[in-house]
Structures are given as C-alpha cells and as structure tokens.
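The values are calculated or read from the model by the stated rules, or taken from the named source; none is laboratory data. Predicted model, so just to flag it, every value in this text is computed and none were measured. Surface accessibility is based on the protein's heavy atoms, side chains included, excluding ligands, DNA and RNA. Shrake-Rupley method; radii C 1.70, N 1.55, O 1.52, S 1.80 Å.
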Amino acid sequence: MMPPPWFISILTMILSLAPKSMSANDENASSCSARIHCGDIQDIGYPFWGLDRPESCGYPGFRLNCNDDNPEITIMSATYRVLHINTSSQLLQVARMDYTESICPTYLLNSSFNSTPFAYNRESTLDIWLFYGCQPLTDVQNNSTSTQGISSQFECTINETNIIGYYLTRNVSETSFDTVIRNTLGSCNYSVSIPVMSSEVPSLEEIGNSDILEEALSLGFELRWSANDSMCKSCEDSGGQCGHDLITAEFTCYCSDGSYPRDCRLTPQ
C-alpha cells in the first residue's frame, strides 16, 4: 500500500533538513576553519579556497594560488593578481598579471566575466581598449586626441615584431575626431578590452602615455561576486563553516555534528 502524498511531502522535508553526515568531530568543519594567508591577503575564508582550504570549503571559480607571496586567481583563462578582498562587501580588487609589468604581452586576451560569479563593480570600474598593429595617427595632433580619450602612440615588440599601439578610454562616437579614429583604429590588427579604476581615467586622458597606462593597469579594478553569501552568514552565525558539496553542487554548512543544507540549527531559511 502506497503512503499518502502528505506523508511523502513531510518525509521529504525532514530528510532535506537532516544532516548529510554525522560525526563527533566533522572533518569538513575542521578543515574549512582554515584560512588563506598569502602576502598582503590574510585570514580569507569562504567563498575562496586553495592552499590549506579544500575545494569543498569554497565556491567554484574562487580558487586562490600563492606565487612568491602574490595571491592569484584565474578567471576565464586570464590570471589576475589579487590586490584586496572585502568579504563583507563581496568586492575583489585584481590586476591582470600579463599587464602588470608591460603593456605588450605575448598573448592578447580580453578580460571577460561572462558565466562566472564575478561582475564589474560599475561604481568604480571602466573599460578601456588597447589597439595593436596600427598605422600612425598622422591626421590629428596627439595633444588634441589625448583630451578626447585616445593616447599618444606607443610601440611594442610582440613575438619579435615591432608594432604601433594606442589606447582609447571612451566610445569613439563621443569624440570629435570619430572619423579619423575609426579609420585608424579600425585598421589595427588587434584590440583588447581591459577594465581599470575609473579614478585613473582622467590621468589617462590628460597625460596619455604608456607610463600612465602601465600604472593604471597595475592598480587593477574591482569585481563584485555572488556565491551564496547570505546563506554563508546564516551558517557562520550558527557556529558552522561554509562550503560547497562537490557532488550535489549545493551550498553546505559544515557543523560539529555533521553537514547541513543551511545552518547548524536546522531552521528553514
């Protein structure tokens, strides 16, 4: 005889709130209490993992590496130096590793955060565009174009080839030299989109040289993240450690007596 539907519903709810594993000293709770320490980045927990923190203690895409006391994170094939982490505001300040010492990297790769837990902090971050393999701007004086958001010419050697480059800080349609710029930059061989702190844009436009560009890129930009942060707070408030079930791909709260789907109090959220 099949049990009535109401019984199955109640049983399902009870099982969903029951601990996934029982132990007097849950190993996951112990391992996830470890924190990441690397250079200036100290005492970092969920959603980040790596070093002494297993993958189950973090969130997908938040793995940190430590390279000569420099914390690094890889997002969409690009590696970034981690400059600052604000877990209370879910803000991450990073700089492209391949642009921190040179504006002429060997491989030209856009910064992209599509289908990731990260997004630009639009309150502080703007995109700029770098163009490589261009013709000289002969029709417009550099001191005029720099005030419109386009740099003076810089030169690069990439893969043993000498090329001319420029950067642009605003949409071409916003400039008074849009036709000249379109014709010149439209014939460039490569272009790359990279975010910078919006506070650096005035210097990029007023001074417009490669040294200022290198400085702006080294200061990086800010990303916001989303990784079940409100659920993590509830878990930590109940005495648990936040994590991620690698089998179910769901948030997990590791407690001293087992693993729970929300918090150690077994209270529905």
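A few notes on this one:
- Multiplying the residue separation of SER218 and ASN65 by 0.36 nm and removing their Cα-Cα distance gives an extension gain of 53.2 nm.
- Largest accessible area first, the residues TRP49, TRP225 order themselves as TRP49, TRP225 under a 1.4 Å probe with ligands, DNA and RNA left out.
- HN-Hα J in Hz across region 193-205 - Karplus 6.51, -1.76, 1.60, θ = phi - 60°, x for Gly and Pro: 9, 9, x, 9, 5, 4, 5, 8, 5, x, 5, 4, 7
- Percent breakdown of C-alpha pair distances by 5 Å bin, ordered from the shortest bin, for region 202-269: 3, 16, 19, 13, 7, 4, 6, 6, 9, 9, 6, 3, 0
- Computed lengthening from SER31 to GLU155, 0.36 nm per intervening residue step minus Cα-Cα distance: 39.7 nm
- In sequence order, calculated HN-Hα J values of region 214-222 (Karplus, 6.51, -1.76, 1.60; Hz; x Gly/Pro): 4, 5, 4, 5, 6, 6, x, 7, 10
- Cut-off under 5 Å, modelled amide H: who pairs with LEU51 long-range: none
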